[in-house]
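Heads up, the thing below is written out as structure tokens.
The values are calculated or read from the model by the stated rules, or taken from the named source; none is laboratory data. Just so it is clear, the structure is predicted and the values come from calculations on it, not from any experiment. Ideal geometry is used to build each Cβ from the backbone, glycine not excepted, and the neighbour counts take in all protein chains shown.
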Amino acid sequence: MKYIYFLILPLFLCAKGSFITPMEYASQFYKNPRGIGCEHCHGESGEGKLVATYIHKKKKKTFEGPPINNMSFDDFYKALNVRKLGMPRYFLTKKEVEALYLYVNEKKGDVVNEKK
């Protein structure tokens, strides 16, 4: 199995002449990938978040962003490329998905997650 380091290696190679680190890029991208930041629904570190409560047909309902910091890279990648109710389509490149994955795993202190 490969480790997450193999996924982020291209970020480090491309960032040699950059003025921001791969983690700084990942953090900024998580907060605003294409207009609506991931943090608004998935929390500061990808831990999940209650977005709204509302009443529908006299029943209290909730809308929650699920946790995304406990997924394998393959599941994370697939989740970003499947249409879901309430989830905007971002049409991210693989490198952008890798940056987001780096961010949520670094924030929880688990950068060495194995791909499943």
(request) Using the structure shown, decide if V51 is hydrophobic (A, V, I, L, M, F, W, C), surrounded by 13 or more Cβ atoms within 10 Å (Cβ to Cβ) and more than 11 Å from the chain's Cα centre (by Cα). (result) yes
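In the range 1-72, which helices (runs of 4 or more DSSP H) lie fully inside it and hold 2 or more residues that are modelled with pLDDT under 85 and of a type in the set (A, V, I, L, M)? It would help to see each step written out before you state the result.
Details: elements: 4-14, 22-31, 39-42.
It comes to 4-14.
Starting from residues that are among the aromatic types (F, W, Y) and either buried (at least 18 other Cβ atoms within 10 Å of the Cβ) or at pLDDT 90 or above (or both), keep the ones in the range 87-106 and report whichever is farthest from G43 (Cα to Cα).
Only one residue fits best here, namely Y101.
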(message) Pull out all pairs, ordered by first then second residue, where Cβ-Cβ is under 8 Å, the residues are six or more apart or on different chains, the first lies in the range 64-84 and is closer than 15 Å to C38 by Cβ, and the second is surrounded by 13 or more Cβ atoms within 10 Å (Cβ to Cβ) and acidic (D, E).
(response) P67/E47; N69/E47
(message) I need a count of the residues in the range 36-63 that are of a type in the set (G, A, S) and free of Cβ contacts under 8 Å to residues at least 12 places away in the same chain.
(response) 2
